[in-house]
1. For the chain, evaluate the Debye formula with one uniform point scatterer on each Cα (no solvent term) and list log10 I(q)/I(0) at q = 0.08, 0.11, 0.15, 0.17 Å⁻¹, rounded to two decimals.
2. Using 0.36 nm per residue, how much length does the chain from LEU121 to TRP27 gain when fully extended, once their Cα-Cα distance is taken away?
3. Measure out, as a whole number of angstrom, how far apart the alpha-carbon centroids of segment 158-210 and segment 40-56 sit.
4. Taking the Cα centre of the chain as the origin, how large is its charge dipole in debye, to the nearest 20, when only Lys and Arg (+1) and Asp and Glu (-1) carry charge on their Cβ atoms?
5. Which value, in debye to the nearest 20, gives the size of the charge dipole of segment 139-253 about its Cα centre, when Lys and Arg are +1 and Asp and Glu are -1 at the Cβ?
6. Dividing the alpha-carbon Rg of segment 122-162 by 2.2 N^0.38 Å yields what?
7. Which stretch or stretches of segment 85-117 have amide N atoms under 20 Å from the point lying 7 Å from GLU128's Cα along the Cα→Cβ direction?
8. Pop the C-beta distance of THR9 and GLU84 into the FRET formula with R0 = 22 Å and round what comes out to the nearest 0.05.
Amino acid sequence: MVAEIGGLTQLASQVVWSAVRRPVGYWRAVRDEMYGVLKLSWFPMILAVLAFSLMIGLLGLNVTDLLGANNRYGQYFFIQNTREFTPWVNSMVVAGIVGAAICSDLGARKVREELDALRVLGTDPVRELVLPRIISTTVLTPLLMLVSLAVGVVCGLFSAVTYGGVPSGEYWATVFKNLTTIELVVAVLKSAAIGFMIGVVGAYKGLTAGAGSIGVGRAVNQAVVIAFALVFLIDLAFNMITLGLFPELQTVR
């Protein structure tokens, strides 16, 4: 466990130092990796957000209907969607698809000794292969989160109008009343931190994968499990810090 944490920290520091020390020469690779991340993630992400938003929306409508407060449904749904469900669902999709893809690709390169060949040629594998992947996950995870947030809010509108009998104008009024800059900034920063973590975990497990296809398969499984666990921890930490620094967010408007 200690060795794993040390290895992840060392790789993360190497990536940050390499990106800051010479911030040129890798942006074309970053663009290509971002396209790959987007192609892999957008459709599963939308499906997952649709399913979770409709489920949570219907459950929330049951509660507000019992309390006779369907007119307050919009603010309940938006707050939960922004703080919890949308960043979590989006991060789990990215971790399960993109994190596994990064790990399997780097692990296969390690098995084929491509990484050793790059080192012999004087090329740093971390800068050439790892850095573009981590930047792409760090940038695209919050962007995908914003798209999924919009999809989730529309799903909440559908649930409110169709099943709750809430006028659409009343729904949007309560949503925009609780839409704050702090909420959006925290959601973006949290998703960026999770995206960085997903890239680091996938790259580290790929670079340290065992020999053969069995070793790569085990590395992929471990990368996904570790990323899933860290998604929960980062999400919890951000929410605790945010509500501690901005206690006014605990008041529903």
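1. Normalising to I(0) and taking log10 leaves -0.37, -0.64, -1.01, -1.19.
2. Numbers: separation 94, 0.36 × 94 = 33.84 nm, distance 2.15 nm.
Value of the extension gain: 31.7 nm.
3. Distance between centres, Cα-based: 12 Å.
4. Numbers: 18 positive and 15 negative charges, 81 e Å.
That gives the chain a dipole magnitude of about 400 debye.
5. Working: 5 positive and 4 negative charges, 57 e Å.
Its charge dipole is roughly 280 debye.
6. Numbers: Rg = 17.9 Å, N = 41, 2.2 N^0.38 = 9.0 Å.
My calculation over the Cα atoms of segment 122-162 gives 1.99.
7. Of the residues in segment 85-117, 102-117 have backbone N under 20 Å from the label point off GLU128.
8. Numbers: r = 27 Å, r/R0 = 1.25.
Step by step, r from the Cβ atoms, then E = 0.20.
None of the figures in this text is laboratory data; all of them are computed from the coordinates on show. Treat the numbers as computed from the prediction; the structure is a model and nothing was measured. Reconstructed Cβ throughout: ideal geometry from the backbone, glycine too, with neighbour counts over all protein chains shown.
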